[in-house]
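This report refers to the structure that appears directly beneath it.
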Amino acid sequence: NFETNDIQIDEDCFSRGQLRSKLWLVDELKKCNVELGKVFLCAGWYATLATMLFESDIKIDFIRSFDVDPDVWKIAEVFNKPWVADNWKFKASTEDIHEIRFDEHIYDVNKTDGTTQRLWTTPDTVINTSCEHITQEQYDQWLDNQPDNALFVIQSNNYFELDEHIRCSTDLDDFVHMSNINSYLRKTLETPKYERYMIIGKKKNV
């Protein structure tokens with residue numbers, strides 16, 4: 001880890017695997033030629049993905065990033081400072097994504113004067129690139145709490161070696177089966193250590 005003033009940053013956010021998987025996501029979304037509208041990043045961490053999305057040609061209204069770690073929102077807003085300054089086109093909030101009802105979600109964001117402001121948003125697009133970090137029960141609850149008509153972009157992998165990876169998939173078909181998403185796009189990215197899987201689509205049974 002390294003420190004920038006009073007902010008300590010986990011250097012893994014700049015790792016080849018992290019950046020490559022996010023660039024892959026952006027490239028595939030560009031090919032889909034979709035307008036993302038209001039975007040929620042779930043388990044957004046430092047929201048480096050938001051930076052990549054803003055710098056792409058993809059049409060976005062704004063991005064909200066949610067993470068349970070109370071130390072990451074400030075770093076996320078530093079990384080996305082131009083869009084925070086642009087009428088809050090980006091803001092990050094500390095919340096457990098498993099306890100959120102994202103349909104007309106009410107949440108608090110921090111202001112520069114140290115106070116908070118309450119916002120509410122119904123997302124058009126929901127992105128979760130960390131599906132391997134939650135149990136199937138948690139995932140099902142998370143999905144059930146999402147708007148019925150939202151576009152979903154989700155990722156997982158078959159990297160079983162990490163203890164924190166508690167819900168890996170054996171292959172892309174397994175990930176599709178576990179996800180309960182009608183997929184418009186389903187793809188695999190080969191990396192030296194593992195395969196990363198991605199699905200873009202909408203909730204089933206809607």
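The table below lists the values:
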item	result
Equivalent-ellipsoid semi-axes of segment 75-178, from the Cα gyration tensor, Å, largest first	29, 16, 13
Cα gyration tensor category, rounded, prolate or oblate, for segment 12-79 with a/c compared to 1.5	oblate
Anchor Lys91: lysines whose Cα lies under 24 Å away (excluding residues fewer than 8 positions away in-chain)	Lys22, Lys30, Lys38, Lys59, Lys74, Lys81, Lys111
Anchor Lys193: aspartates and glutamates whose Cα lies under 13 Å away (excluding residues fewer than 8 positions away in-chain)	Glu161
Residue order for Arg101, Arg186, Arg20, Arg196 - accessible surface, 1.4 angstrom probe, largest first	Arg101, Arg186, Arg20, Arg196
Within-10-Å neighbourhood charge of Phe90 [Cβ basis; K, R +1; D, E -1]	+2
Charge sum, other residues only, whose C-beta stays under 13 Å from Asn205's C-beta, Lys/Arg counted +1 and Asp/Glu -1	0
Under 5 Å, built H, 5+ apart or other chain: amide partners of Leu185	Ile200
Euclidean distance of C-alpha centroids, segment 130-196 and segment 35-95, integer Å	21 Å
Length-normalised contact order for segment 103-147 - Cα pairs under 8 Å, 6+ apart - percent	35 percent
Probe 1.4 Å, protein heavy atoms only - accessible area per residue of the chain in square angstrom	52 Å²
Length-normalised contact order of the chain in % [C-alpha pairs under 8 Å, at least 6 apart]	15 percent
Reduced Cα scattering model of the chain, Debye log10 I(q)/I(0), q = 0.17 Å⁻¹	-1.26
Shape call, segment 130-206: gyration tensor on alpha carbons, a/c limit 1.5	oblate
Carbon plus sulfur fraction of accessible area for segment 84-145, probe 1.4 Å, in percent	41 percent
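The values are calculated or read from the model by the stated rules, or taken from the named source; none is laboratory data. Bear in mind that the values here come from a model prediction, so they are computed numbers and not experimental data. Note: ideal-geometry Cβ built from the backbone for every residue, glycine included; neighbour counts use all protein chains shown. The protein model used for the area step is the full one, side chains on, heavy atoms only, and it has no ligands, DNA or RNA in it. Shrake-Rupley method; radii C 1.70, N 1.55, O 1.52, S 1.80 Å.
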